[in-house]
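Undergrad: I am attaching a structure below and will ask some questions about it afterwards.
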Amino acid sequence: MLVPSLLLFFASCQNAGAPTAPAPTAGTGGGLASIMAERGLSEADVLAAAKTYTPTGKLDDYVIFGSGGHGGNIVVIGVPSMRILKYISVFGPEPWQGYGYGGLGDDVLYEQGKQGGKEITWGDVHHPNLSETGGEYDGNFLFLNDKANARVAVIDLKDFMTKQIVANPLVMSDHGGAFVTPNTDYVVETSQYAAPLGGKFATLDKYETEYRGAAVFWKFDKVKGRIDQENSWAIELPPYAQDLADAGKLVSDGYVFINSWNSEMSAGTEGKDKPFTESGASQNDMDYLHVIDWKKAETLVAAGKTTTINGIRVISLADAAAEHVLTFVGEPKSPHGCDVTPDGTAVVVGGKLDTHATIYDIAKMQDLIAKGTFTGKDKFGVDIMDFQASIRGQKELGLGPLHTVYDEKGFAYTSVFLDSTVVKWNWKNLEEPIEALGVQYNIGHITAAEGDTISPDGKYVVAMNKMSQDRYVNVGPLLPQSFQLIDISGPTMKVIYDMPIPLGEPHYSQMMKADKLHTITAYTPAGTNPYTDTKSEFAVASGEEKIVRNGKKVDVYMSVIRSHFTPDNIEVNEGDEVTLHLTSMEQALDQTHGFAIDMYNVNVSMEPGKYEEITFVADRAGVFPFYCTEFCSALHLEMMGYLLVKPNGA
Ligand code: CUK
Ligand code: CUA
């Protein structure tokens, strides 16, 4: 009821000749007219505030899962308030969530996350994707890719925790990921910068013969909630810098589309007299949209037509081309973005150096493939479809169209990077004029409410802008990026909120209805290991806490409850291997404790009912307080104890 009352208020202010009407009281404690005058607010500003302000106790309608860029994490944001609800740490350690500081999450972050045996503690995350059932977000899982280190993570939305990291054994860099097929049978991860597959070495003059890309189809086990690496497989691709990918849906279910941008196979200067990749890869007028028939690929995998590289089955480029698992169609000028329409009939591709979005008609392409009508082959024997015969049309949108999202009314919203605009256009009727809205500045991705499903909601899109000069108080030369919430419910688009993103550069996000979440409030029963979803055999019941010594190995079975640890004092010898088995006895909402050991780089989060396990060698002698790191009660400071490490020879 806030909007009508504000409008009434506003109307009366105008009648009174606002904003110069006399204020009932001075300062921002006064009436609306005086506040507007004092803060220089327009009617549009007040309406925007009314559309986004979320009074205390009220919840947001939508939740954004946004890429945290090189923060390696996910930013969870409520819409329309644009309040940050959570960061989910994924590829980097984070102490509040106790991720990477001695607890069970260390296995995910440091062991599963290893690439080629090397520990990696950051990620450059680009495309979060929600799990889907029947082409709709189901609120169960979130997947995320790490461009820098070619990894994919699985986040469980039951507790917003990263449960698995899968290191791609084939490619050295990814980008087109982590995209899901409409029933989350596969999480798709495709390469970006080509390299010899499997981490091998080859000099750059062998770029064409030895360097390759790949599309990896990670099989997702929906019951276990984990990627099943054994049943996953890949397709070898030419070294064309595959870019964005999207899965077909409804009539095009069974296909994956990937845009690409280096058909020139430029490998930079190669240390010699060649152009930088920036111009070397921009010579051709056309690159290749990759059309992948993954259901056919599945039959090749089942028939054993694969070779195994680094433990993963790979369909060779020659077989993929011969069997039409892979076909190409031209795409103009430094393509970027690859977005299937909600009805699954078309895929829209932008162009960084073009002014058009190209709308490919999937049925036309299926027909060309079925009839064997091609205009030629690329160097690797992949059949190429005729461009004009494959498209529904092209739409002029401005300089540098990138990514496209959709609403429920048949409109598409495309981010236009160089123009810094969001362009609304009718993808079913290309004659209809466009509407362009300026955003600040250099928009990359754009996200829409339920935007990648078969039934988008409309209402909101968010512009994810790379630059924010003049928008926020100057915080030094490293500026935040900027999310702008845009109201698309009316006849014209309006920016209604600016939100700085001060941690890593976001790329993509997805926006889901908040009521699709089915998040738990506690681990039940107490002692549940969040990584197995079962009660740990090492969980301890109240009254059974103990310290068990076996030679130099010490096991501590500790309970955690407001406001004490039992046992609270632990004495070990220098050099002992200590394992702490922690059980939170709490079940009440928000009754979280923490457990940190001073000087030992240990900190875990003890959400209600959680089991945690910390193993370390007591290699520094001395007296080390341990304590609860969450202000959990009036006697929180008293929730502490001592780790006594007796020096050798004492
Ligand atoms: S890319 Cu970032 S703006 Cu990695 Cu999805 Cu287009
Ligand atoms: Cu438990 Cu503070």
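Derivation of every value follows stated rules applied to the coordinates shown; laboratory data play no part. The shown structure was predicted, so the numbers you read here are calculated from the model rather than taken from an experiment. Positions of Cβ are generated from backbone atoms using ideal geometry, with glycine treated the same way; all protein chains shown enter the neighbour counts.
Undergrad: Just from its helices, what would the mean residue ellipticity at 222 nm be for the chain, if runs of 4 or more DSSP H residues each count -39500 (n - 2.57) and the sum is divided by every residue, rounded to the nearest 500 deg cm²/dmol?
TA: The helix-only estimate for the chain comes to -3000 deg cm²/dmol at 222 nm.
Undergrad: What do you get when you divide the Cα radius of gyration of segment 528-646 by 2.2 N^0.38 Å, with N the number of residues?
TA: 1.00
Undergrad: At 25 °C and 0.890 mPa s, grab the translational diffusion coefficient of segment 246-336 from Stokes-Einstein with a Kirkwood Rh over Cα pairs, rounded to a whole number in µm² per second.
TA: 163 µm²/s
Undergrad: Something else: Hey, any idea what the orientation-averaged projected area of the convex hull of the chain's Cα atoms comes to, in nm²?
TA: Its Cα hull, projected and averaged over all orientations, spans 34.7 nm².
Undergrad: Same structure again: Are there DSSP H segments in the chain that both extend 18 Å or more along their axis (alpha-carbon positions) and score a mean Kyte-Doolittle hydropathy of at least 1.0? List them, or say none.
TA: Answer set is 2-15.
Undergrad: Hey, could you grab the Kirkwood Rh for segment 33-105? Inverse mean 1/r over distinct alpha carbon pairs, Å, one decimal.
TA: Computed over segment 33-105, the radius equals 14.9 Å.
Undergrad: If you don't mind, another one. Would you kindly derive the ³J(HN,Hα) couplings of segment 168-178 from the backbone phi angles with the Karplus curve 6.51 cos²θ - 1.76 cosθ + 1.60 (θ = phi - 60°), listing them in order in whole Hz, with x for Gly and Pro?
TA: Once θ is set to phi - 60°, the couplings for segment 168-178 become 5, x, 9, 10, 9, 6, 10, 8, x, x, 9 Hz.
Undergrad: Could you list LYS51, LYS553 in order of exposure, starting from the residue whose Cβ has the fewest other Cβ atoms within 10 Å?
TA: The order, fewest Cβ neighbours first, is LYS553, LYS51.
Undergrad: Rounded, prolate or oblate, given the Cα gyration tensor of segment 199-289, with a/c below 1.5 counting as rounded?
TA: Taking the square roots of the gyration eigenvalues as a ≥ b ≥ c, segment 199-289 is oblate.
Undergrad: Sequence-distant or interchain residues sharing an amide H contact under 5 Å with HIS507, placed H: which?
TA: For HIS507, whose amide H was placed from the backbone, the distant partners under 5 Å are SER67, GLY69.
Undergrad: Could you run the Karplus curve 6.51 cos²θ - 1.76 cosθ + 1.60 with θ = phi - 60° over segment 285-292 and give me ³J(HN,Hα) per residue in whole Hz, x for Gly and Pro?
TA: My calculation for segment 285-292 gives 6, 10, 10, 10, 6, 8, 10, 10 Hz in order.
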